[in-house]
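Just below is one structure, and these are the notes that go with it.
Each reported figure results from applying straightforward, stated rules to the coordinates on display, with no laboratory input. Being a predicted model, the structure only gives us computed values, none of them experimental. Here the Cβ positions follow ideal geometry from the backbone for every residue, glycine too, while neighbour counts run over all protein chains shown.
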Amino acid sequence: MLDVDPALCVTDVVDRVDATIIAALRANARTTYAELGRLAGLSAPAVHERVGKLEVAGVITGYHADVAAEAVGLPVCALVGIVQSAGGDQDEIAAALAALAEIEDCWFVAGDEAFVVKVRVGSVADLEQTVGTLRRIPGVAQARTTVVLSTRFEGRAVSPPSVDGSPDSLRPAGMSDPVVVAGPAGPTGPADTDRELLP
């Protein structure tokens, strides 16, 4: 995760050129500064400076590589709704959820459930064990599990809207619906060379 300057307001930072750069990076995090400059109509050094400012402002929060869960031994995915008990403490429950390595994502939600978490494990037996662990967290009344049979799409990037509300006008020419694509692991940023990076 990149260091963020809390004094900067995102809405004061992003303009149409920034939005074009963001859309390109979300489509391919390994896009070079030279290519970003071509898309945005700027020089590579100017793009480098803009990307740096977007990182400091917290607009770009990091870079990562997407991997096939099955390839790393985590083929089982489930969404688990956490129902909080009457005397439960939200912060304590959230901290306990954060401590479980099996939980990939966690959302605080409105409705009967207080949290929804995404769990990735190696087998159904591992899922059963993880759900049991969730149910034993102090302040948890119920854990409602939905097993994912298949993933139709995931992590799809949504383009920022333009002034007229249309996201397509900010998408670089020739770019289809953006998706999060494998980039360098960690907050390394886009490549700063003129060469195309090989997969």
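For this structure, a couple of remarks:
- Cα centre as origin, Lys/Arg/Asp/Glu Cβ charges: the range 24-139 dipole, Debye: 520
- Whole-number Å³ per residue for the convex hull built on Cα positions in the range 21-145: 131
- Shape class of the range 50-120 from the Cα gyration tensor (axes a ≥ b ≥ c, square roots of the eigenvalues): oblate, since a/c reaches 1.5 or more and a/b does not exceed b/c.
- Euclidean distance between Cα centres, the range 87-159 to the range 45-73, Å: 25
- Calculated FRET efficiency for the pair Ala95/Val67, C-beta based, R₀ 30 Å, to 0.05: 0.65
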